[in-house]
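Student: Submitted below is the structure of interest, expressed as structure tokens.
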Amino acid sequence: MSNAAGRLKPLFYPNTIAVIGASDNPVKLGYLYIKNLVEGGYKGTIYPINPKLAGKEVLGFKSYASILDVPDEVDLALIAVSARLTLNVLKECGKKGVKAAIIFAAGFAESMGDEGKKMEAEIRRIAEETGMVIVGPNCLGVVNLSIGLNTLVEAVMLKEAGKIAFISHSGSLMESFLTTSSERGFYISKAISTGNEAATTLNDYLEYFIEDPETNVIAMYIEAVKDGRRFMELCRSTTKPLVALKAGRTEAGKTAAKSHTASLVGSIEVWNAVCRQVGIIQARTFEELYDLAMALACPLRPKGNRVGIISAPGGPAVIATDACEELGLKIPRLTSSNMEKLKSILPSFASVINPVDITASALEDIDVYRKVLEILCSDPNIDSVIVTPPLIEYLVKVSSIVIDVVEQYQKPVVISWAIPFGVGVKELEESVKLLGKKLIPNYFMPERAAKAIAALLAQAKIEEKKRS
């Protein structure tokens, strides 16, 4: 790892964490940060810091009056104090030799005008003078599930780490992204809420994730980029998938971004051009940001734009066909020999051209799904496949079949559910987890599945261009 990216290791892999502004009140953030670390399985040492609690224990950890009293080196300081106390606390962290610090408090350049800007300038000065990595201010912090590091107190997430890293200018959207990842089965590896970026910027986190072996996809919610040239250089330097949702696309949105994180937002036309040049796949909505990150976490890439469609209900097959064609994907006929094979296993009234409507025959013999999927994946006219499973009781079986066939043929297969998420269908929840472990993308309804395949194809072209 480069020296620049290596500087951030204490932020993501701290052996010791000090919580400055610690509390023994279960509703206070200074308590909840410690509770999160304990419940998340963090194995390092935690030092609660609060002069009112000195000598007492918080969740089993001895408290100290000051960071300067801690008998150990401190890798990461979680600064849970108000904005007016932050600079003095940072100076003490600098004296202690703290390697990284997170400032959660708001009340800086985003809302306090010139005074807030002066405070952020002082944060930068401290960072430059001491070499400390400082996150924020006005942020929600950091997550690294592989070591149980989590400063988000409201996100609902599993402890299992995945392959998606998330950089966000919005803390609340980071919580939403991580909660979504827990529901959808494609988990994050690490995440960072950048806040106002007084000292450490999006580019620093991007460089770290580009070099991070535990990250395969980098998703970003961006309000502004402070050093566009460096950002472009970093994006060009990697073949890892990059997917971004850019805020401030309208004049009203630009104003909102400025008041949110003190961001100066540039022209959306310039941003669109940058994405084309450096290989960023753009999301238009927050939901699509996660959808695309899920798709790009799949290691398989289609070799072309030809899609096969398998469905038991006919309606989703028609929607899938329209969605694919509108995205520039083609729905070709299968080879004559493969159409003959389909005719031999499907009822005479079934469509074997593409889309393949296997009708209710799948309800009598679910193994028909395996045979049809094997035929489509073996067809030289097909580069990827969309599958819509039948009734609820077969969801897990079809998911297992898809996993087996994908492993055998190494072609991208995307599942399109006819059942929405979050409705308490156990078979769907089990299927989602099963597919997530094997990195097989799955979505509610075919339009999103088609967009996933289009993103995989776009990424394949980006990777080919960058390697040439």
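This table checks each residue for (1) in contact with a helix residue (DSSP H, G or I) (Cβ under 7 Å, 6 or more places away or on another chain); (2) open to solvent by 40 Å² or more (accessible area, probe 1.4 Å); (3) under 30 Å from GLU160 (Cα atoms).
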{"site": "ILE67", "(1), (2), (3)": "yes, no, no"}
{"site": "LYS99", "(1), (2), (3)": "yes, yes, yes"}
{"site": "GLU128", "(1), (2), (3)": "no, yes, no"}
{"site": "MET132", "(1), (2), (3)": "yes, no, yes"}
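Student: Out of segment 180-216, which residues are outside any loop (DSSP other than H, G, I, E, B), of a type outside the set (Val, Ile, Thr) and within 30 Å of PHE444 (Cβ to Cβ)? Write out each step before concluding.
Tutor: Looking only at segment 180-216, we keep the residues that are outside any loop (DSSP other than H, G, I, E, B), and these are 180-184, 188-193, 202-211.
From the residues that got through so far, the ones that are of a type outside the set (Val, Ile, Thr) too are 181-184, 189-191, 193, 202-209, 211.
Matches in segment 180-216: SER181, SER182, GLU183, ARG184, SER189, LYS190, ALA191, SER193, PHE209.
Student: Moving on. If you scan segment 351-392, which residues turn out to be hydrophobic (A, V, I, L, M, F, W, C) and open to solvent by 50 Å² or more (accessible area, probe 1.4 Å)?
Tutor: Applying the first criterion (hydrophobic (A, V, I, L, M, F, W, C)) to segment 351-392 yields 352-353, 356, 358, 360, 362-363, 366, 368, 372-373, 375-377, 382, 385-387, 391-392.
Answer for segment 351-392, where residues must be hydrophobic (A, V, I, L, M, F, W, C) and open to solvent by 50 Å² or more (accessible area, probe 1.4 Å): ILE353, ALA360, LEU363, LEU391, ILE392.
Student: Which of the residues belonging to segment 1-29 are closer than 18 Å to LYS62 by Cβ, touching an Asp or Glu at 6+ places or on another chain (Cβ under 6 Å) and not in a loop (DSSP other than H, G, I, E, B)?
Tutor: THR16
Student: Can you name the residue in segment 37-60 that is open to solvent by 30 Å² or more (accessible area, probe 1.4 Å) and touching a Ser or Thr at 6+ places or on another chain (Cβ under 8 Å) and is also nearest to MET132 (Cα to Cα) among such residues?
Tutor: Looking at the filtered set, the residue picked out is THR45.
Student: A follow-up question, please. Out of the residues in segment 194-224 that are open to solvent by 40 Å² or more (accessible area, probe 1.4 Å) and touching a residue at least 40 places away in the same chain (Cβ under 8 Å), state the one that is farthest from ILE134 (Cα to Cα). Before you say what the answer is, go through the steps one by one.
Tutor: Going through segment 194-224, the residues open to solvent by 40 Å² or more (accessible area, probe 1.4 Å) turn out to be 211, 213-214, 216.
Right, trim to touching a residue at least 40 places away in the same chain (Cβ under 8 Å) and you get 211, 214, 216.
Values: GLU211: 20, GLU214: 23, ASN216: 25 Å.
Filtering segment 194-224 for residues that are open to solvent by 40 Å² or more (accessible area, probe 1.4 Å) and touching a residue at least 40 places away in the same chain (Cβ under 8 Å), the one farthest from ILE134 (Cα to Cα) comes out as ASN216.
Student: Select the strands (runs of 3 or more DSSP E) contained entirely in segment 89-179, then report the ones holding at least 2 residues which are over 23 Å from ILE218 (Cα atoms) and in contact with a Phe, Trp or Tyr (Cβ under 9 Å, 6 or more places away or on another chain). Before you say what the answer is, go through the steps one by one.
Tutor: Values: elements: 100-103, 133-135, 141-144, 164-168.
Hits in segment 89-179: none.
Student: Determine which single condition LYS91 fails, assuming it passes every other condition in (1) more than 18 Å from GLU120 (Cα to Cα); (2) modelled with pLDDT of 95 or more.
Tutor: (1)
The values are calculated or read from the model by the stated rules, or taken from the named source; none is laboratory data. Only a predicted model underlies this, so the values are computations on that prediction, with no experimental measurement involved. With ideal geometry, Cβ positions are generated from the backbone for all residues, glycine too; neighbour counts draw on all protein chains shown. In case anyone asks, the SASA skips ligands and DNA or RNA and just uses the protein heavy atoms, side chains included. Shrake-Rupley method; radii C 1.70, N 1.55, O 1.52, S 1.80 Å.
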